[in-house]
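Asker: Before anything else, here's the structure in question.
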Amino acid sequence: MIDSIPLYKYIKSYTAVIWLTLTFFLGMSAFSYAQTQNKKQIKLPDNVSSPMYREYAPSLNAEGNILIFQANRGENRQWGIYETITEDEGKTWSDPVGVDSVNNYGSENDLIGGPSISYDGNTLYYFAHFDDGIGAEDIYYSTRIGDKWSRPKNIGAPINSKFHESFPSVTADGQQMYFMRMDTVQTENGSNCFEIMVSHKQSDGTWGEPEALPAPINIGCEKAPRILSDGRTLIFSSIRAGGKGDYDLWMSKLGFNGEWSEPINMHFVNTNTADLYASISASGEDLYFLNRGEVDPKVLKKYPEEKGQEDIFTVYIPEEFKQYKNKTIQGKVFDIVSKEPVQATFTVRDRSTTEKLFELPVAEDGQFALVLTEGSDYEITATKEGYSTTIFSEDLTSLEHYEREEKEIGLFSTATLNLEIFDADIMHKIPADVKVKSLTTEEYLNTVNFYESNKTYKLALPLNDKYEVTITKENFKDQSFQFDLTEFLLYQNFEKSIELEPVKIEMEFNIEDAVTAQGIEAMIILHNTDTDERIAVAAEKGEDGKYKVEVRDGANYQVEVRSPRGYSFFSSKLKAGTKKNFDVALTELKPNTKLPLKDILFESNSSEIIESSYRELKRLVKLMKDNPNITVELAAHTDDVGSDRYNMKLSESRAKSVSMYVMQFGIPKSRLVPKGYGETQPAVANDTEENKAKNRRVELMVLSVNN
């Protein structure tokens with residue numbers, strides 16, 4: 001038996017001694033006892049458990065679809081670490097691929113072994129004897145980069161020391177590392193003995209000073225610990241009472257009181273030879289372990305000095321040996337815009353106490369696997385600086401069986417503020433000038449887009465900053481607000497409404513009699529043609545003819561002044577702010593009084609009234625109704641373009657069109673006298689286009705007033 005060969009027989013140094021004691025344990029002369037006793041044990045396919053090679057230390061990720069193991073598949077039977085995957089729940093496995101970044105790192109005779117893949121599949125731990133080590137054998141690790149592994153990195157002190165450290169195993173939450181250490185050579189029945197150590201991760205992310213596990217774990221001769229995915233069930237090898245005389249696999253559970261249970265012998269798989277290196281996936285259903293047998297004759301023919309044959313087997317675990325039940329959540333964290341992976345960090349807390357249980361980093365490609373153990377109600381937070389936060393919960397207080405969930409987590413690096421700006425008076429959306437300034441850099445961002453269809457501004461703002469948003473618009477009061485994206489953020493889209501107050505000015509309207517200049521009462525109607533807002537000022541508010549009205553600065557108004565019975569009406573256009581006093585002289589309605597009707601327009605060379613004229617015509621209707629005792633002439637005039645006869649006929653037709661429009665509102669025909677004057681009565685000389693436009697007009701003249 002290899003373990004029983006005297007140590008002084010080896011000449012490579014203490015390092016070589018340890019390697020031989022860990023790997024070439026026992027020369028085999030018979031098939032495994034367990035193989036003959038338990039027909040449920042299944043050997044992995046030959047492409048993995050090859051009769052040509054020796055396979056050790058199987059290790060599974062949480063999902064159980066990645067198997068890392070140690071084998072002597074290298075040149076000259078050199079030992080190294082290999083990886084294989086399954087896509088059909090372990091029925092078949094891919095051809096093993098060497099982890100070249102590790103296997104080829106050191107010199108040809110460097111020792112590499114004891115691989116352990118983290119449950120999330122993102123970190124590979126192992127031990128090796130490299131020139132850059134601290135002691136005899138040190139623990140190293142590599143991180144997954146896509147489908148490759150990084151170069152070895154020494155985990156350093158205090159885990160590694162001047163002594164021998166090997167066979168690391170890390171809890172699913174990444175908070176504890178179990179491994180074995182030997183500081184002096186101890187033997188038990190010719191086998192080398194070790195202590196099982198544990199190191200706890202500190203708050204700053206470093207590993208704490210390792211401690212030897214107390215009895216009943218360490219009692220003298222232990223090795224090869226494997227902490228299961230529940231973080232509380234430990235499988236290890238030990239030579240102790242109740243075993244079968246050599247190393248047996250034992251199981252112990254860490255109670256909630258912090259004490260380890262009395263180990264139980266895993267009799268369903270142990271043999272009368274050394275039993276080591278077991279692994280169980282997060283489901284807790286199947287045990288992967290080392291099984292020994294006679295050397296294949298073909299191997300002996302090629303390698304006559306070969307002393308043993310080791311293969312990886314699997315077997316269903318009896319209920320009494322199962323770990324605590326788990327739920328595995330696997331998936332990817334990604335940027336919801338670019339779809340690129342995000343290397344976030346999960347923080348897991350107990351919802352009932354808010355106690356932080358552990359943190360788990362995500363791999364560079366965004367892949368993760370969270371393993372949560374029964375008995376707690378968990379709150380899980382995914383965070384990454386510069387990104388949003390995702391929170392979800394898992395209540396496993398009454399978990400009845402192993403569960404597995406696929407979960408895609410999308411994070412975002414910008415938030416969208418949907419900004420709507422309203423006119424505070426009329427509550428209509430309006431466009432404005434929107435500027436966004438970072439309060440960190442004091443720089444303005446060019447991330448404001450305006451959507452005309454719904455008059456909404458979309459502000460795309462990077463997270464982890466505070467912003468000042470300023471809204472300005474001519475003739476409105478400026479407004480600004482701060483938008484804080486440095487706090488805990490769950491949602492990407494926000495909505496905000498801003499009401500801009502228009503700037504108001506006070507105008508004074510002076511309404512007087514055109515002849516006597518005496519102030520008179522009137523109804524003033526202001527129609528804001530920009531907003532369609534209407535302001536009506538009652539007659540009794542200005543008995544002296546002076547009316548004060550608050551209007552919007554810069555707005556365009558159509559002004560209409562309606563007089564008491566017996567006076568004409570007045571209409572005009574006004575841009576508020578150009579002047580603050582507006583004088584209106586109203587003419588008393590007497591025979592021969594003439595009133596120009598403004599903005600009454602016709603189609604070219606036609607008597608058809610253009611729709612924009614209706615506003616003035618309705619004022620005429622109002623005048624006729626307010627003064628039922630008057631009869632008027634509706635006189636139409638033209639410029640001098642065209643023949644006299646044509647212009648006379650055109651003006652007569654236009655006068656009749658105006659008369660017919662007014663009559664449809666109940667004004668008797670007897671009170672309207674349409675008449676065309678053609679070009680015979682120009683208001684101004686027809687010497688410019690502007691003057692010709694003035695001559696194309698309609699006037700009202702009072703013919704009689706019947707009291």
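The values are calculated or read from the model by the stated rules, or taken from the named source; none is laboratory data. Just so it is clear, the model here is predicted, and its values are computed rather than measured. We place every Cβ from the backbone using ideal geometry, glycine too, and count neighbours over all the protein chains shown. Protein only, heavy atoms only, side chains kept; ligands, DNA and RNA dropped before computing areas. Shrake-Rupley method; radii C 1.70, N 1.55, O 1.52, S 1.80 Å.
Asker: Restricting attention to the stretch 258-269, and to residues there that are assigned to a strand (DSSP E or B) and more than 16 Å from Thr171 (Cβ to Cβ), which single residue is most open to solvent (accessible area, probe 1.4 Å)?
Answerer: Looking at residues that are assigned to a strand (DSSP E or B) and more than 16 Å from Thr171 (Cβ to Cβ), I get Ile264.
Asker: Restricting attention to the stretch 300-329, and to residues there that are under 57 Å from the mean Cα position of the chain (by Cα), at pLDDT below 90 and outside any loop (DSSP other than H, G, I, E, B), which single residue is nearest to Leu67 (Cα to Cα)?
Answerer: Per the stated criteria, the residue is Asp311.
Asker: Looking only at the stretch 198-248, how many residues end up being of a type outside the set (Gly, Ala, Ser), closer than 21 Å to Phe127 by Cα and touching a residue at least 24 places away in the same chain (Cβ under 8 Å)?
Answerer: Number satisfying all stated conditions: 17.
Asker: Further, regarding this structure: Looking for whichever is within 17 Å of the chain's Cα centre (by Cα), free of Cβ contacts under 8 Å to residues at least 40 places away in the same chain and at negative phi here; the options are Thr353, Thr383, Thr389. Which one fits?
Answerer: Values: Thr353 fails: within 17 Å of the chain's Cα centre (by Cα); Thr389 fails: free of Cβ contacts under 8 Å to residues at least 40 places away in the same chain.
Just one listed residue meets the conditions, Thr383.
Asker: So is Glu359 within 27 Å of Ser281 (Cα to Cα), touching a Ser or Thr at 6+ places or on another chain (Cβ under 9 Å), assigned to a strand (DSSP E or B) and open to solvent by 20 Å² or more (accessible area, probe 1.4 Å) or not? Working first, answer last.
Answerer: Numbers: within 27 Å of Ser281 (Cα to Cα): yes; touching a Ser or Thr at 6+ places or on another chain (Cβ under 9 Å): yes; assigned to a strand (DSSP E or B): yes; open to solvent by 20 Å² or more (accessible area, probe 1.4 Å): yes.
Yes; evaluated as a whole, the condition is true for this residue.
Asker: Filter the stretch 365-378 for residues that are open to solvent by 40 Å² or more (accessible area, probe 1.4 Å) and either in contact with a Phe, Trp or Tyr (Cβ under 8 Å, 6 or more places away or on another chain) or over 30 Å from Asp465 (Cβ atoms) (or both) and give the result.
Answerer: The answer is Glu374, Gly375.
Asker: Okay, next question. I'm checking my understanding of the structure. Among residues of the stretch 94-116 that are of a type in the set (A, V, I, L, M) and modelled with pLDDT under 95, which one is nearest to Gly64 (Cα to Cα)?
Answerer: Filtering first and then ranking leaves Ile112.
Asker: Does the stretch 278-295 hold any residues that are out of contact with any Asp or Glu (no Cβ under 9 Å at 6 or more places or on another chain) and not in a strand (DSSP E or B), and which are they?
Answerer: Passing the criteria: Ala278, Glu285, Glu294.
Asker: Limited to the stretch 516-541, what total is found for residues that are in contact with a strand residue (DSSP E or B) (Cβ under 7 Å, 6 or more places away or on another chain) and either closer than 21 Å to Leu589 by Cα or open to solvent by 50 Å² or more (accessible area, probe 1.4 Å) (or both)?
Answerer: Matching residues across the stretch 516-541 total 13.
Asker: Here's a check for you: in the stretch 620-657, which residue that is surrounded by 19 or more Cβ atoms within 10 Å (Cβ to Cβ) and within 20 Å of Glu560 (Cα to Cα) is farthest from the chain's Cα centre (by Cα)?
Answerer: Here the answer is Asn627.
Asker: Has the stretch 133-142 got at least one residue that is within 23 Å of Leu228 (Cα to Cα) and of a type in the set (Phe, Trp, Tyr)?
Answerer: Yes: the stretch 133-142 contains one or more residues that are within 23 Å of Leu228 (Cα to Cα) and of a type in the set (Phe, Trp, Tyr).
Asker: Restricting to the stretch 384-399, name every residue that is over 26 Å from Glu285 (Cα atoms) and open to solvent by less than 50 Å² (accessible area, probe 1.4 Å). Break it down into steps so the answer makes sense when it comes.
Answerer: Going residue by residue through the stretch 384-399, those that are over 26 Å from Glu285 (Cα atoms) are 384-392.
Within the stretch 384-399, Gly386, Ser388, Thr389, Thr390, Phe392 meet the criteria.
Asker: What are the residue pairs meeting all of these: first residue in the stretch 607-620, first residue within 18 Å of Lys573 (Cα to Cα) and touching a residue at least 40 places away in the same chain (Cβ under 8 Å), second residue open to solvent by 50 Å² or more (accessible area, probe 1.4 Å) and of a type in the set (Asp, Glu), Cβ atoms under 8 Å, and 6 or more apart or on different chains?
Answerer: From the stretch 607-620, the pairs are Arg615/Asp599; Glu616/Asp599.
Asker: It is to be established whether one or more residues within the stretch 344-355 are over 18 Å from Phe488 (Cα atoms), of a type outside the set (Asp, Glu) and either modelled with pLDDT under 95 or open to solvent by 50 Å² or more (accessible area, probe 1.4 Å) (or both).
Answerer: Yes, the stretch 344-355 has at least one match.
Results for (1) open to solvent by 20 Å² or more (accessible area, probe 1.4 Å); (2) farther than 26 Å from Asn61 by Cβ; (3) modelled with pLDDT under 90; (4) assigned to a loop (DSSP other than H, G, I, E, B), shown as yes or no for each residue.
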position	(1), (2), (3), (4)
Gly220	yes, yes, yes, yes
Asp230	no, no, no, yes
Ile235	no, no, no, no
Trp250	no, no, no, no
Phe256	yes, yes, yes, yes
Asn272	yes, yes, yes, yes
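Asker: Among the residues of the stretch 173-194, are any modelled with pLDDT of 95 or more, open to solvent by less than 10 Å² (accessible area, probe 1.4 Å) and in a loop (DSSP other than H, G, I, E, B)?
Answerer: No, the stretch 173-194 has no match at all.
Asker: Ok, one more. From the list Gly80, Gly106, Gly90, pick out the single residue that is at positive phi and surrounded by 14 or more Cβ atoms within 10 Å (Cβ to Cβ).
Answerer: Gly90
Asker: I need the strands (runs of 3 or more DSSP E) fully contained in the stretch 427-512, keeping only those with at least 1 residues that are open to solvent by less than 40 Å² (accessible area, probe 1.4 Å) and either aromatic (Phe, Trp, Tyr) or in contact (Cβ under 8 Å) with a residue 24 or more places away in the chain (or both).
Answerer: 433-438, 456-462, 466-472, 479-484, 493-500
Asker: Right, another one. Scan the stretch 154-168 for residues that are of a type in the set (A, V, I, L, M, F, W, C) and crowded, with 21+ Cβ neighbours inside 10 Å and jot them down.
Answerer: Ile155, Ile159, Phe167, listed by residue number.
Asker: Filtering the stretch 400-426 down to residues that are open to solvent by 70 Å² or more (accessible area, probe 1.4 Å) and out of contact with any Gly (no Cβ under 7 Å at 6 or more places or on another chain), which residue is nearest to Ser376 (Cα to Cα)?
Answerer: First, pick out the residues of the stretch 400-426 that are open to solvent by 70 Å² or more (accessible area, probe 1.4 Å): 400-401, 404, 406, 408.
Add one more test, that the residue is out of contact with any Gly (no Cβ under 7 Å at 6 or more places or on another chain), and what stays is 400-401, 404.
Working: Glu400: 13, His401: 14, Arg404: 17 Å.
The extreme case among them is Glu400.
Asker: Same structure again: Looking for whichever is of a type in the set (A, V, I, L, M), over 29 Å from Thr84 (Cβ atoms) and touching a strand residue (DSSP E or B) at 6+ places or on another chain (Cβ under 8 Å) here; the options are Ile196, Ile219. Which one fits? So that I can check it myself, show each step before the final result.
Answerer: Values: Ile196 fails: over 29 Å from Thr84 (Cβ atoms).
Matching residue, one of Ile196, Ile219: Ile219.
Asker: Within the stretch 285-296, which residues are within 30 Å of Gln330 (Cβ to Cβ), surrounded by 21 or more Cβ atoms within 10 Å (Cβ to Cβ) and touching a residue at least 40 places away in the same chain (Cβ under 8 Å)?
Answerer: Tyr288, Phe289, Leu290, Asn291, listed by residue number.
Asker: May I pose another question? Gly331: open to solvent by less than 20 Å² (accessible area, probe 1.4 Å), touching a Leu at 6+ places or on another chain (Cβ under 8 Å), farther than 21 Å from Gly90 by Cβ and not hydroxyl-bearing (Ser, Thr, Tyr), yes or no? Write out each step before concluding.
Answerer: Values: open to solvent by less than 20 Å² (accessible area, probe 1.4 Å): yes; touching a Leu at 6+ places or on another chain (Cβ under 8 Å): no; farther than 21 Å from Gly90 by Cβ: yes; not hydroxyl-bearing (Ser, Thr, Tyr): yes.
Considered against the rule, which asks whether it is open to solvent by less than 20 Å² (accessible area, probe 1.4 Å), touching a Leu at 6+ places or on another chain (Cβ under 8 Å), farther than 21 Å from Gly90 by Cβ and not hydroxyl-bearing (Ser, Thr, Tyr), Gly331 comes out as no.
Asker: While we're here: Mind checking which residues of the stretch 463-495 are of a type in the set (S, T, N, Q) and under 14 Å from Gly386 (Cβ atoms)?
Answerer: The answer is Asn464, Thr486, Gln492.
Asker: Quick one: in the stretch 127-153, which of the residues that are part of a strand (DSSP E or B), in contact with an Asp or Glu (Cβ under 7 Å, 6 or more places away or on another chain) and open to solvent by less than 40 Å² (accessible area, probe 1.4 Å) is nearest to Trp207 (Cα to Cα)?
Answerer: Applying the filter and picking the extreme gives Ile139.
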